[in-house]
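The values are calculated or read from the model by the stated rules, or taken from the named source; none is laboratory data. In this text the structure is predicted, and so the values were computed from the model without any measurement. For neighbour counting, all protein chains shown are included, and Cβ atoms are generated from backbone atoms with ideal geometry for every residue, glycine included.
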Amino acid sequence: MPENTPTRALRLGVAGPVGTGKSSLIATVCRSLADELRLGVITNDIYTDEDARFLRSAGVLEPERIRAVETGACPHTAIRDDITTNLLAAEDLERDFAPLDVVLIESGGDNLTATFSPALVDAQIFVLDVAGGGDVARKGGPGIGRADLLVVNKTDLAPYVGVDVPQMVADASVARQGRAVLALSRSDAASVAELRAWVLSVLESHRRGTHVPQDPGPMAPHFHADEEQPEGGFVHTHDEKIGDEHHASAPHHVHSHSDSRK
Ligand SMILES: Nc1nc2c(ncn2[C@@H]2O[C@H](COP(=O)(O)OP(=O)(O)OP(=O)(O)O)[C@@H](O)[C@H]2O)c(=O)[nH]1
Ligand SMILES: [Mg+2]
């Protein structure tokens, strides 16, 4: 199947901070759509295939349809700058199970900065959860501001963490200038139905050839803890221009992905 035709699978990225529920959201999407769509999943983890194993054990798809990419030190690189491993994994899945309708790609959980390259995914979901605090949606960043869908997850926990979900959704909608925001809990069937409908509507525009992949923009400079480094970690950027500025002020080693540390 040639690339870039509307007939290849829709590639849907799922990014967001550690533990906000990315794997669970993918499991929920699979559970609600596996009967009518042909699905595949790719997970990105720094050193393990834990997310893939979690999803296989959830029993929502045949285990062979769930593949893990181990990203090494910077999970962002594999979804943003050097996407080759993920692209190959997506193409392998699409070939092995042709035809597939949707390939879901989970980013490694990190902080608020990770975004997918539009060369890897056609659309992306950014996942926050209420446990991260009601303020986080206002903090912005490329994923919160410009992902195709922002999910405010685990709304069932809101009473326990003192978060006002409608307010958090309203704040997010302002930060996103009206782009889609969904309050989700895997235990709230109505919200799961909305997520399912969103995926189906993106798939429909993808098939019609009217869906245009958006780039939320590069991630901000960010810090990686790294016990093997004498400084204990390094700040880096995925944008050369920001990187140059950052060299002057960063307290830790700054590198770009073209330097010798890679
Ligand atoms: N209460 C509640 N818990 C949830 C929900 N969705 C996920 N969780 C829990 O949140 C925790 C993290 O979920 P994961 O799906 O592993 O999160 P993740 O973003 O994939 O995590 P990493 O891949 O490690 O970054 C798990 O204990 C889930 O059971 C939800 O809707 N409600
Ligand atoms: Mg996960």
So V161, is it under 24 Å from E36 (Cβ atoms) and either within 15 Å of ligand 1 (Cβ to nearest atom) or without any contact (Cβ under 8 Å) to a residue 12 or more places away in the chain (or both): no
Close pairs from region 73-92: first in contact (Cβ under 8 Å) with a residue 40 or more places away in the chain, partner surrounded by fewer than 17 Cβ atoms within 10 Å (Cβ to Cβ) and of a type in the set (V, I, T), Cβ under 9 Å, at least 6 apart: A73/I46; C74/I46
The lone exception for A114 - which of (1) within 15 Å of ligand 2 (Cβ to nearest atom); (2) out of contact with any His (no Cβ under 7 Å at 6 or more places or on another chain); (3) among the small types (G, A, S) it fails: (2)
Residue list for region 1-55, filter: within 16 Å of ligand 1 (Cβ to nearest atom), at pLDDT below 90 and of a type in the set (A, V, I, L, M): I46
Cβ-Cβ under 6 Å pairs, at least 6 apart or on other chains, region 6-18 side in contact (Cβ under 8 Å) with a residue 24 or more places away in the chain and small (G, A, S), far side crowded, with 20+ Cβ neighbours inside 10 Å and assigned to a loop (DSSP other than H, G, I, E, B): A9/L100; G13/F116; G13/V121; A15/S107; A15/A114
Every residue from region 21-43 that is of a type in the set (S, T, N, Q) and either within 9 Å of ligand 2 (Cβ to nearest atom) or without any contact (Cβ under 8 Å) to a residue 12 or more places away in the chain (or both): S23, S24, T43
Residues (under 13 Å from V152 (Cβ atoms), part of a loop (DSSP other than H, G, I, E, B) and not polar (S, T, N, Q)) located in region 14-32: G16, G21
Selection count where residues are touching a Leu at 6+ places or on another chain (Cβ under 9 Å), within 14 Å of ligand 2 (Cβ to nearest atom) and of a type outside the set (D, E), scope region 95-111: 2
Single residue of region 135-158 satisfying the filter (more than 15 Å from ligand 1 (Cβ to nearest atom) and surrounded by fewer than 20 Cβ atoms within 10 Å (Cβ to Cβ)) that is nearest to the chain's Cα centre (by Cα): P142
Scan of region 105-120 for residues that are within 12 Å of ligand 1 (Cβ to nearest atom) and either modelled with pLDDT of 95 or more or in a loop (DSSP other than H, G, I, E, B) (or both), ordered by number: E106, S107, G108, G109, N111, A114
Residue list for region 156-185, filter: within 17 Å of R196 (Cα to Cα) and either more than 16 Å from ligand 2 (Cβ to nearest atom) or part of a helix (DSSP H, G or I) (or both): A180, V181, L182, A183, S185
Single residue of region 33-55 satisfying the filter (among the charged types (D, E, K, R) and in a loop (DSSP other than H, G, I, E, B)) that is nearest to A90 (Cα to Cα): R38
